[in-house]
Structure formats: C-alpha cells, structure tokens
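So the structure is just underneath, and the comments pick up after that.
Each value in this text was obtained by applying a stated rule to the coordinates, not by laboratory testing. Just so it is clear, the model here is predicted, and its values are computed rather than measured. As a convention, Cβ positions derive from the backbone with ideal geometry for all residues, glycine included, and neighbour counts pool all protein chains shown.
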C-alpha cells in the first residue's frame, strides 16, 4: 500500500477522532466521506464502520454507567433492523453511485444536525424507534449513523451524559452488525493498525486540547470540513 495513501487515511481518521472529542460531532461525519475519497467507496464505508466501533468502545468505557436502559432497549433493536436495508443499498449501488450516496447522506446529516435546535418533540417509543432505524440504515449504507440520534437527542432534550453513553452502545452494535453482514474491510493489517492507532491518538489529542479549544468553534470547523469532503465525494461519484 502506498505510504501517501496510508498517511492520508491516518490524517482523516485522526481529524475525525479529534473533532469527536472536542465538539461531540460524529466521527463518521468527518471520516466517512474522506475515506470514501481516499480508499474507494466500499472500502471507505466498511473501514468507517470498523473505526467507529473503536471510537464508540473507547467513549463507552468512560460513560457506561449513564446508559439509558429504557431507550437502549428500543434504539438497539431498531438500529439492527435498519442495518439490513442499508446493507442492501450498499451492495446494490455501483462504486460511483455509492460515493454519491455517502456524500449525500453526510450532507443531509450535517443539515439536520444544524437544524436540530429548532426541532422539538417528545421521546415516545415510536420516535425512538424511528431514530434507531434511521441511524442503523445510514450507518450501514454510508458509515454515518450519528446524525439521526443527535437530532433525536436534541429535539427531545435528552440529557447529554445519557445520550453519549446510550449512543455509543448503539453505534457499537450497528457497526458490528454492518461488518458481520458486509465483512471486515479488505485492507492490509499494517494499514488497519495505522488507522486504529490514529483514532486512539486523535481521541487523546482531543482530550488534551479540550481545555484550550472552544467546543462551539470546533463544531463549526468540523461541520465545514465534513461539508467540503461530502461535496467533493458527490462530485467525484458523479464524474466516475
């Protein structure tokens, strides 16, 4: 594997992990379109699923006590169901079409996250189930399962500690299910090791920088980078 390609993947996932820790915005929103551009749509989505599980495991280890069991019992099964049609779409689309889908889903995710503060609703079983279904679908199809849960959390005023813990558990199960159906990305072990290391280093860097960098400013930067990557991914998909 070309060293420049490895370095680009490491940089993308490192940036995603840093923004995840600083701003709370989904790791996958930053990493998914970048990885789809760098390593191809299919490998990029599968690799994002794998690395998102790593990120979620690390975050969950520090927040497991705050899991909202009532919501988890709805979100997790719904998310697993949503993975199935998302995987079907992932397999049916050509590489170019999948790149367009990844960029489009990421852009829509960014849009709804930005609009989420204006939305209000109640945390009913139906809305919780719909959020889980949408999250599982987008995670399997494009590697970005976070926006649906983020919008649900903001709209229903779900307390942040419970949302963080329960969301990570949902991302872990969705990512594991998607990988079980699609298979682990076929990348060299050394390349995968570099990517996992970059994720862990990014989370640590974000932890150290959190005291100096304003979360709102980091969130705006993350939205800008993810939006640009999504746009380029869509254009490249159309051109191919």
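Here are the numbers for the structure shown:
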{"item": "Cα-derived Rg to Rh of the chain, Kirkwood definition", "result": "0.94"}
{"item": "Highest average packing first - 189-198, 141-150, 97-106, Cβ atoms within 10 Å", "result": "141-150, 97-106, 189-198"}
{"item": "Cα gyration tensor shape of the stretch 1-108, rounded if a/c is under 1.5, else prolate or oblate by comparing a/b with b/c", "result": "oblate"}
{"item": "For the stretch 112-172 and the stretch 184-217, distance of Cα centres in Å", "result": "23"}
{"item": "Base-10 log of normalised Debye intensity for the stretch 126-172 (one unit scatterer per alpha-carbon) at q = 0.13, 0.19, 0.26, 0.31 Å⁻¹", "result": "-0.24, -0.52, -0.95, -1.23"}
{"item": "Three-way shape call for the stretch 94-137 based on the alpha-carbon gyration tensor, with the a/c threshold at 1.5", "result": "oblate"}
{"item": "Residue-averaged [θ]222 nm for the chain, counting only DSSP H segments that reach four residues, each worth -39500 (n - 2.57)", "result": "-28000 deg cm²/dmol"}
